[in-house]
Amino acid sequence: MADLASTFEAPAQIAAQQSNCVDIWRPREFHAIELQHASEVTVEYPRHWHDEFYVSVTLAGTSDLECSGTSFSVLPGQLVVIPPGDVHANQKLRCSSRTIFLDFGALQNGVEQFVERSIPSIDFRTLLIDDKPTVNDFLQMHRCLQGGRFELEQEDSLFLFLCRLVAGHSAAQVSLSREGKEDAAVERAKLFLEEHYADRVSIHDLARITRLSPFHFNRSFCQKMGMPPHAYQLQLRIAHAKRFLRLGRSVSDTACLVGFFDQSHFVHSFKRSEAVPPSQYARFSKNLQDGQPHTHYF
């Protein structure tokens, strides 16, 4: 199988991270989570177990796992799930990976709150997951929790992945489907986001005002709008930012006015949406207002 580090990681990220090292961090909003990003690690872990729920995807290199008398190699693009207390050993050779350690009680509570129903038992066994959508969901969630993004996007990405993991790969009976698009609820959420585009909004805030479970709300919003709530709020912020820039506000002032507390994140998000950085957009807008032409380079 091809080396997936170049597929899953941006080249700048790969170059910036030294080999044979592991970056470790905890998101400020989710204290029950520890994330790790390993680059070309060569190490042998003897038999051990974790207090936390462990999920890891191999990006490149090799990772040999032994658990319950069974040995197998984890190939790039495969996801490993190890529940708390399962004794295992692991040997890695120039292995790059992304890993999450999650308190199991927090996992169950989070999924129950997201689907708004009790789940008597979430029973996982150590398993190897080899389907691309699950791996992609995990990587998207992991990167989202790494960056300084908005709470709504982080919450959405984290709990959607956990719900899908529990529904598809555990013994728990969790139904994630529900009839109806709930148009009125989506309209109430749209109005709320339009009025609070610059504020920190959580998925639970939106679920509460629509009287739906967070999962049902998110599913209904995506069906009707074609994008998740955090992406809709981001588009609102960019639209208002363009208006402020056309009025002559500075890039730093505009970033604060539309809810970005990290100017570099604002510049990145604006350029991704509009194909030009905000400073260049402001110059183009002034040229148009002054009756001067401009050339748009991509």
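Only the coordinates and a few stated rules stand behind these numbers; no lab work does. Here the structure is a predicted model, which means the values were calculated and not measured. With ideal geometry, Cβ positions are generated from the backbone for all residues, glycine too; neighbour counts draw on all protein chains shown.
Taking the mean number of other Cβ atoms within 10 Å as a proxy for protection, how do you rank 124-135, 254-265, 42-53 from highest to lowest?
254-265, 124-135, 42-53
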Placing each pseudo-label 7 Å from Cα in the direction of the beta carbon, His48 and His31 end up separated by a distance in nanometres of 2.5 nm
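Give me the net charge of Leu102's neighbourhood, meaning all other residues with Cβ under 12 Å from the Cβ of Leu102; Lys, Arg count +1, Asp, Glu -1.
Working: positive: Arg26; negative: Glu34, Asp51, Glu52, Asp103.
Combined, the nearby Lys, Arg, Asp and Glu give -3.
For the ranges 90-98, 65-73, what's the packing order if you count other beta-carbon atoms within 10 Å of each residue, average per peptide, and put the highest first?
Values: 90-98: 19.9, 65-73: 12.6.
Highest mean packing first, the order is 90-98, 65-73.
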Tell me the label-point distance for the pair Glu274, Glu66, using the 7 Å Cα-to-Cβ offset, in nm and rounded to one decimal.
5.9 nm
Distance (nanometres) between label positions extended 7 Å along Cα→Cβ at Val267 and Asn20:
3.5 nm
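If you stretched the chain out fully between Arg208 and Arg243, how much longer would it get, using 0.36 nm times the residue separation minus the C-alpha to C-alpha distance? Mind dumping the intermediate values first?
Numbers: separation 35, 0.36 × 35 = 12.60 nm, distance 3.07 nm.
Fully extending the segment from Arg208 to Arg243 adds 9.5 nm.
Between Arg188 and Leu257, what's the calculated FRET efficiency when r is the beta-carbon distance and R0 is 22 Å? Round to 0.05.
Details: r = 25 Å, r/R0 = 1.13.
For Arg188 and Leu257, the calculated efficiency is 0.30.
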What list of ³J(HN,Hα) couplings, whole Hz, do you get for the range 248-257 from phi and the Karplus terms 6.51, -1.76, 1.60, once you set θ to phi - 60° and write x for glycine and proline?
x, 6, 6, 5, 5, 5, 4, 4, 5, 4
For a protection proxy built on the mean count of beta-carbon atoms within 10 angstrom, sort 99-109, 156-166 highest first, please.
156-166, 99-109
